[in-house]
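Bear in mind that the values in this text are calculations on the coordinates, not laboratory data. None of these values were measured; they are calculated from a predicted model. Methodologically, a virtual Cβ is constructed for each residue, glycine included, from the backbone with ideal geometry; neighbour enumeration extends over all protein chains shown.
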Amino acid sequence: MFRYAIVRSPGPSIIDGITSSSLGKPVYTLALEQHTKYVEALENLRLEVQILPEKELFPDSAFLEDVALCTPSCAIITQPALFSRRGEIEGMKEVLAEYYSTIEEILPPATLEAGDVMMAGNHFFIGISNRTNTEGADQLIKILSKYKLTGSKIPLEKMLHLKSGVSYLENNNMLVSGEFIKTKEFESYNRIIIADEECYAANSVWINGKVLIPEGFPDTRKKIEKAGYETILLNVSEFRKIDGGLSCLSLRF
Ligand code: GLY
């Protein structure tokens, strides 16, 4: 069960977030509204939420998930790949020290963004992507092993981050989409296959027994509910415009 969440408010510079989509620029005021509702949803799930102030110099900084990995035993500050996101890690050590006695770090030349890391019990799947390199994964696996946690690498072909296309919903249930439908390492899970038209919803988030899903993906919602979960729908259209999903918006631990 998760007890805490940390989020970062989006700033007006969100309109300049990195994107591969053709959905247009985010509308800042709408992004703020959606972010407020996201925080309310976390609080309704009984998480104590810390809201960090916007980092205006960093357009993608609302995607706080990428800058740290929060495990049950330690927190790990990551090493974002792109120059425009690198400064997002500044100050995170101090923030996480409020919750953790041990804070580890991924060090250059390694790169690792925690959107590429999926926790499934004591095991962590690590996507090797344009953002996370092999050195980053190796450093993470070495750190995890100090805490009797394990990690393994999953090479990505197309997706931005591992969790862009796969989400662990606990109880051996996993949402999989696109290139991850054929991933051998996920075959032992009860895979819930997300159709291509709804692949954005493969980034849904289990929190304390319920599942946050993005609004507008009815087939995915049906499948998750059929698997026994109560779902909570959230509109994150403005974050989708800059390639971000529900999980990207918080650290949960
Ligand atoms: N816009 C989110 C990212 O590219 O990291």
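Restricting to DSSP loop positions (anything but H, G, I, E, B) with no more than 12 other Cβ atoms inside 10 Å of their own Cβ, which chymotrypsin sites (Phe, Trp or Tyr not before Pro) remain in segment 125-221?
Of the chymotrypsin sites (Phe, Trp or Tyr not before Pro), not one in the loops of segment 125-221 has a Cβ with at most 12 other Cβ atoms within 10 Å.
Under the rule of at least 5 residues apart or a separate chain, name every residue whose amide H is placed under 5 Å from the amide H of TYR189.
none
Divide, for segment 82-141, the radius of gyration over alpha carbons by 2.2 N^0.38 Å, where N is the residue count.
1.17
May I ask for the net charge around ASN44, where only other residues with Cβ less than 13 Å from the Cβ of ASN44 are counted and Lys, Arg are +1 while Asp, Glu are -1?
Summing Lys and Arg as +1 and Asp and Glu as -1 gives -1.
Could you pull out the trypsin sites (Lys or Arg not before Pro) across segment 130-223 that fall in loop regions by DSSP (anything but H, G, I, E, B) with no more than 14 other Cβ atoms inside 10 Å?
Loop-located and lightly packed - LYS146, LYS148, LYS158.
Projected onto the charge dipole of the chain (+1 at Lys/Arg Cβ, -1 at Asp/Glu Cβ, origin at the Cα centre), which of THR19, LEU160, ALA227 gives the Cα projection farthest towards the positive end?
Sorting the options by dipole projection puts first ALA227.
Sorted by packing (mean other beta-carbon atoms within 10 Å per residue), highest first, where do 58-64, 69-75, 81-87 land?
Highest to lowest by the protection proxy: 58-64, 69-75, 81-87.
Can you give the charge dipole size of segment 94-192 about its Cα centre, rounded to the nearest 20 debye, using +1 on the beta carbon of Lys and Arg and -1 on the beta carbon of Asp and Glu?
My answer is approximately 360 debye.
Put +1 on the Cβ of each Lys and Arg and -1 on the Cβ of each Asp and Glu in the chain; which of ASN44, ILE76, TRP206 then has its Cα farthest toward the positive end of the dipole?
Toward the positive end, the furthest listed residue is TRP206.
Please give the charge dipole size of segment 121-253, origin at the Cα centre, charges +1 on K and R Cβ atoms and -1 on D and E Cβ atoms. Round to the nearest 20 debye. Mind dumping the intermediate values first?
Numbers: 18 positive and 16 negative charges, 81 e Å.
My answer is approximately 380 debye.
Leaving out same-chain residues fewer than 8 places away, which lysines sit with a Cα under 21 Å from that of LYS182?
LYS153, LYS158, LYS163, LYS223
How much net charge surrounds ILE14 when only the other residues with a Cβ under 15 Å from the Cβ of ILE14 are counted, with Lys and Arg +1 and Asp and Glu -1?
-3
For GLU104, list long-range residues whose amide hydrogen, built 1.01 Å from N in the peptide plane, is under 5 Å from its own amide hydrogen.
Amide H neighbours of GLU104: ALA75, ILE76, ILE77.
Placing one identical point scatterer on every Cα of segment 65-116 and ignoring solvent, what is log10 I(q)/I(0) from the Debye formula at q = 0.21, 0.23, 0.32 Å⁻¹?
Reported log10 I(q)/I(0), two decimals: -0.68, -0.80, -1.35.
If exposed means no more than 10 neighbouring beta carbons inside 10 Å and the site is in a DSSP loop, what's the longest run of the chain without any exposed GluC sites (Glu not before Pro)?
With GluC sites (Glu not before Pro) excluded where exposed in loops, the chain gives 1-97 as its longest stretch.
For the charge dipole of segment 1-142, defined by +1 on Lys and Arg C-beta atoms and -1 on Asp and Glu C-beta atoms about the Cα centroid, which residue among ILE103, MET118, GLY91 has the Cα displaced farthest towards the positive pole?
The residue sitting farthest along the positive end of the dipole is MET118.
Report Rg (one decimal) and Dmax (nearest whole number) for the chain, counting Cα atoms only, units Å.
Calculated on Cα positions, Rg and Dmax stand at 16.6, 44 Å.
Taking a cut-off of 26 Å, what percent of all Cα-Cα pairs in segment 1-117 are separated by more than that?
Counting pairs separated by more than 26 Å, the tail of P(r) holds 20 percent.
For segment 108-121, in order, what is each residue's ³J(HN,Hα) by Karplus, 6.51 cos²θ - 1.76 cosθ + 1.60 with θ = phi - 60°, in whole Hz (x at glycine and Pro)?
Ordered by residue, 3J(HN,Hα) equals x, x, 5, 10, 7, 10, 6, x, 8, 10, 10, 7, 10, x Hz.
Taking the Cα centre of the chain as origin, work out the dipole magnitude from +1 charges on Lys and Arg Cβ and -1 charges on Asp and Glu Cβ, in debye rounded to 20.
Rounded to the nearest 20 debye, it is 540 debye.
Once the convex hull of the C-alpha atoms of segment 171-253 is built, how many Å³ does it hold per residue, rounded to a whole number?
Details: hull volume 8.5 nm³, N = 83.
Enclosed volume per residue, from the Cα hull, is 103 Å³.
Under the definition of Cα pairs under 8 Å and six or more residues apart, what whole-number percent is the relative contact order of the chain? Can you show the working numbers first?
Values: 524 pairs, mean separation 56.7, N = 253.
This gives 22 percent for the chain.
For all pairs of alpha-carbon atoms in segment 1-54, what percent lies in each bin of width 5 Å, listed from the first bin to the last filled one?
Over segment 1-54, the share of Cα pairs per 5 Å bin runs 5, 18, 24, 20, 15, 11, 6, 1 percent.
Could you give me D for segment 118-183, from Stokes-Einstein at 10 °C and 1.306 mPa s, where the hydrodynamic radius is the Kirkwood radius over C-alpha pairs? Units µm² s⁻¹, please.
Estimated diffusion coefficient is 129 µm²/s.
Hey, which aspartates and glutamates would be in cross-link range of LYS210, C-alpha to C-alpha under 18 Å, not counting anything within fewer than 8 residues on its own chain?
Here the aspartates and glutamates satisfying the reach criterion relative to LYS210 are GLU40, GLU43, GLU48, GLU170, ASP219, GLU225, GLU230.
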